[in-house]
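Novice: One structure follows; several queries about it will come next.
The values are calculated or read from the model by the stated rules, or taken from the named source; none is laboratory data. Here the structure is a predicted model, which means the values were calculated and not measured. Using ideal geometry, Cβ is built from the backbone for each residue, glycine included, and neighbour counts are taken over all protein chains shown. Areas reflect the complete protein model, heavy atoms only, side chains present, ligands, DNA and RNA absent. Shrake-Rupley method; radii C 1.70, N 1.55, O 1.52, S 1.80 Å.
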Number of protein chains: 2
Amino acid sequence: MSYPKKVKIKEVGPRDGLQNEPIWIQTEDKIAWINQLSRTGLSYIEITSFVHPKWIPALRDAIDVAKGIDRAKGVTYAALVPNQKGLENALEGGIDEACVFMSASETHNRKNINKSTTETLHILKQVNDDAKKANLSTRAYLSTVFGCPYEKDVPIEQVIRLSEALFEFGISELSLGDTIGAANPAQVETVLEALLARFTANQIALHFHDTRGTALANMVTALQMGITVFDGSTGGLGGCPYAPGSSGNAATEDIVYMLEQMDIKTNVNLDKLLSAAKWIEEKMGKQLPSRNLQVFKSSS
Amino acid sequence: MSYPKKVKIKEVGPRDGLQNEPIWIQTEDKIAWINQLSRTGLSYIEITSFVHPKWIPALRDAIDVAKGIDRAKGVTYAALVPNQKGLENALEGGIDEACVFMSASETHNRKNINKSTTETLHILKQVNDDAKKANLSTRAYLSTVFGCPYEKDVPIEQVIRLSEALFEFGISELSLGDTIGAANPAQVETVLEALLARFTANQIALHFHDTRGTALANMVTALQMGITVFDGSTGGLGGCPYAPGSSGNAATEDIVYMLEQMDIKTNVNLDKLLSAAKWIEEKMGKQLPSRNLQVFKSSS
């Protein structure tokens, strides 16, 4: 099998990992954690979300986090931005890249954003245009690509239609999310075949959840199809609200472990990353689902 | 990518899952659990080990378990057999298949069995000959194929040499074990390429551990190379003694989930399997590492 020589990992733990957590992490701890992550070799960190605090109280300190962190050379600091108000705050926080988001599933988009996908596209276009004016690049998350908790199967035609609309706005990268962690390698192949017929591999990122243990298996298929950007969350932080107690995002350290063992370069120092995972696990006060973190703790 | 249409899963939980556990599971509970597993559609269950009780006290009731379980039609009931004395007991217990075992790593074999690999081969040949006389098929486990806790890398030449010796004895199947859960998909490809140049895909089974989250990723590669037999342990039961607290065997339900989602038939009823996993988790009194089990518990 043929694999890429190097892969870029985008750390989403400080945003996607924390956003659904009922545990409040102090602002100074968020800052300390992001600074630790900045020193692991990771070149991209999504640090927070500029969503209204009413919706994501766990990240209500977005502006303080954005202003408080060190800016390491070579690291892109991104944040989730839902609308123009969020973008204003993100710009005030000195963010490098604005991440917009929507669901491929109509029902999930409505439950999550309270708008239709058509209405959402309209808002995201405005955010994208304004971000461009402020010289920010934009990344789009398309969630529930591989399954929806309400609609179950999401038609590939819908994924293609929304992807095309987002790229037409001028987003630089599209991250396809397996929001409920239900994807399998054969499905990843089918979805990527359809998308890679329209877009290039370097426009697409994959955002897997390990809810059912398939995150790295799905990644193998994506790697074989030429994908070189993957989202990860330190410690596997980020539970899925539809399956409490289960694991959420693919753990960055599990991704790095596998890639480095396969001689695919990530530029991430695994020991430093594991130390950062252990640190945030202690702050969370509960065992995180990352596999490599448990090995690390038992051997260190 | 091309995948097999169906896969056979060999359940090793009652043996490999329990053997290193400090928790004593009552004989009647072991029997009840195996009977539950027999009704899931699994066609192969390794029920215990006829190793001297001094070495594996958790399975000191091997003969009672073997005599106490129901025998479901179409299910092969296997047991681990280290030597001729073990085989006598296994025969008394009415076992269908004898599983022999050794390490690919010289040091691990010595620490585990207290013999050189050459001495072990001699004993396994005798066990195999005697099993054949009693009309039992034999399966061999070769552990530490993908890495050793003492020697780290295990030369592929050593794996090939021992595999050839075991097949010359007349074993029907060789199960390659990633004992420390350190394998990666690229390595699985390298090892299988070497072995499939000498043996057919239906002679080889893979026995992955999910210690570092790579079990299903490794499985994807093995499936792509034509392997159709995989070992699993319900609940992911079976900690690795070298990494306490970490996960051990690939969870049978995680394997079944991924395969069935890929439209690869296993003949296993996932709901019944998850119920059996939940049942043994309650008996163990601690959370088991299986991903699908946690989703099942939160949604049932």
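Novice: Using a 1.4 angstrom probe on protein heavy atoms only, which residues from the stretch B:282-298 are buried by at least 10 Å² of accessible area when all chains are present rather than their own chain alone?
Specialist: B:Pro289, B:Arg291, B:Asn292, B:Gln294, B:Val295, B:Ser298
Novice: Counting only protein heavy atoms, what percent of the accessible surface of the protein assembly as shown is carbon or sulfur at a 1.4 Å probe? Mind dumping the intermediate values first?
Specialist: Working: 10930 of 22400 Å².
Answer for the protein assembly as shown: carbon and sulfur cover 49 percent of the accessible area.
Novice: A follow-up question, please. Starting from the amide H of B:Val154, placed 1.01 Å from N in the peptide plane, find each other amide H under 5 Å away whose residue is 5 or more places distant or on another chain.
Specialist: B:Gly147, B:Cys148
Novice: Sequence neighbours fewer than 8 away in the same chain don't count; with that in mind, list the aspartates and glutamates whose C-alpha is under 17 Å from A:Lys132.
Specialist: Within reach: A:Glu88, A:Glu92, A:Asp96, A:Glu97, A:Glu168, A:Glu173.
Novice: Keeping all protein chains in place, calculate the accessible area per residue for the protein assembly as shown (probe 1.4 angstrom), answer in Å².
Specialist: Numbers: 22400 Å² over 600 residues.
The answer is 37 Å² per residue.
Novice: Karplus couplings for the stretch A:70-75 from phi (6.51 cos²θ - 1.76 cosθ + 1.60, θ = phi - 60°), rounded to Hz, Gly and Pro as x?
Specialist: 5, 10, 6, 5, x, 9
Novice: Between A:Pro22 and the same site in the other copies, what are the distances in nm, shortest first, taking label points 7 Å from Cα along the C-beta direction?
Specialist: Those separations, rounded to one decimal, come out as 3.1 nm.
Novice: Next up: Put the label 7 Å from Cα along Cα→Cβ for B:Ile123; what are its distances to the other copies, in nanometres, shortest first?
Specialist: Nearest to farthest, the other copies are at 6.8 nm.
Novice: Oh, and also: Which whole-Hz ³J(HN,Hα) couplings does the stretch A:135-143 yield from phi under the Karplus relation 6.51 cos²θ - 1.76 cosθ + 1.60, θ = phi - 60°, glycine and proline marked x?
Specialist: Ordered by residue, 3J(HN,Hα) equals 6, 9, 7, 10, 10, 10, 9, 10, 9 Hz.
Novice: Mind checking the mean number of beta-carbon atoms from other chains within 10 Å of the Cβ atoms in B:182-193? Let's see the in-between values first.
Specialist: On the way: counts 3, 2, 10, 11, 10, 3, 2, 3, 0, 0, 0, 0.
Average per residue, whole number: 4.
Novice: Something else about it: Out of all DSSP beta bridges in the protein assembly as shown, what portion is antiparallel? Express it as a percent rounded to 5.
Specialist: Values: 4 of 66 bridges.
Here the antiparallel bridges make up roughly 5 percent for the protein assembly as shown.
Novice: Quick one: which residues, 5+ away or cross-chain, put their amide H under 5 Å from the amide H of B:Thr76? H built at 1.01 Å from N.
Specialist: Correct list: B:Tyr44, B:Ile45.
Novice: Of the listed peptides B:18-24, A:43-49, what is their order by residue-averaged count of other C-beta atoms within 10 Å, with the highest listed first?
Specialist: On the way: B:18-24: 14.9, A:43-49: 25.3.
For the peptides B:18-24, A:43-49, the packing ranking is A:43-49, B:18-24.
Novice: Follow-up question, since we're still on this one. Note down the accessible area of B:Asp263, probe 1.4 Å, to the nearest 10 Å².
Specialist: Its heavy atoms expose roughly 100 Å² to the probe.
Novice: Okay, moving on. Report, as an integer, the average count of C-beta atoms from other chains found within 10 Å of each Cβ along A:205-217. Working shown, then result.
Specialist: Values: counts 0, 0, 0, 0, 0, 3, 4, 13, 21, 11, 4, 11, 14.
Taking all residues of A:205-217 together, the mean is 6.
Novice: How far is B:Lys5 from the same spot in each other copy, in nm, shortest first, if each label point sits 7 Å from Cα toward Cβ?
Specialist: The projected label point of B:Lys5 is separated from its counterparts by 4.2 nm.
Novice: Then there is this: Nearest 100 Å² is fine: what is the total accessible surface buried where chains A and B meet, probe 1.4 Å? Could the numbers behind the result be given before it?
Specialist: Working: alone 12660 and 12690 Å², together 22400 Å².
Chain pair A/B: roughly 3000 Å² of buried accessible area.
Novice: Helix-only estimate, please: 222 nm mean residue ellipticity of chain B, summing -39500 (n - 2.57) across DSSP H runs of length 4 or more and dividing by its residues, to the nearest 500. Don't skip to the answer; put the middle values down first.
Specialist: On the way: 11 runs with 123 residues, N = 300.
The per-residue figure over chain B is -12500 deg cm²/dmol.
Novice: While we're looking at this one, here's another question. If you take each beta carbon of peptide A:263-269 and count the beta carbons of other chains within 10 angstrom, what is the mean? If you can, show how the numbers build up before the last one.
Specialist: Numbers: counts 3, 2, 0, 0, 0, 0, 0.
Mean shielding by partner chains, rounded to a whole number: 1.
Novice: From Cα pairs below 8 angstrom and at least 6 apart in sequence, can you work out the relative contact order of chain B, rounded to a whole percent?
Specialist: Working: 617 pairs, mean separation 60.3, N = 300.
Across chain B, relative contact order equals 20 percent.
Novice: Using only the alpha carbons of the stretch B:8-298, determine the length spanned along each of the three principal axes and report them from longest to shortest in whole angstroms.
Specialist: Principal extents (Cα only, largest first): 46, 42, 35 Å.
Novice: Sequence gap at least 6, Cα distance under 8 Å: using those rules, report the relative contact order of the stretch A:120-262 to the nearest whole percent.
Specialist: Details: 233 pairs, mean separation 27.9, N = 143.
This gives 20 percent for the stretch A:120-262.
Novice: Taking amide H atoms as placed 1.01 Å from N in the peptide plane, list the residues 5 or more away in sequence, or in a different chain, whose amide H sits under 5 Å from that of B:Ser137.
Specialist: B:Ala98
Novice: Given contacts defined as C-alpha pairs under 8 Å and at least six residues apart, what's the relative contact order of the stretch A:184-300, whole-number percent?
Specialist: Details: 160 pairs, mean separation 27.2, N = 117.
Contact order relative to length: 23 percent.
Novice: Could you state the number of Å between the C-alpha centres of the stretch B:150-176 and the stretch B:90-104?
Specialist: 18 Å
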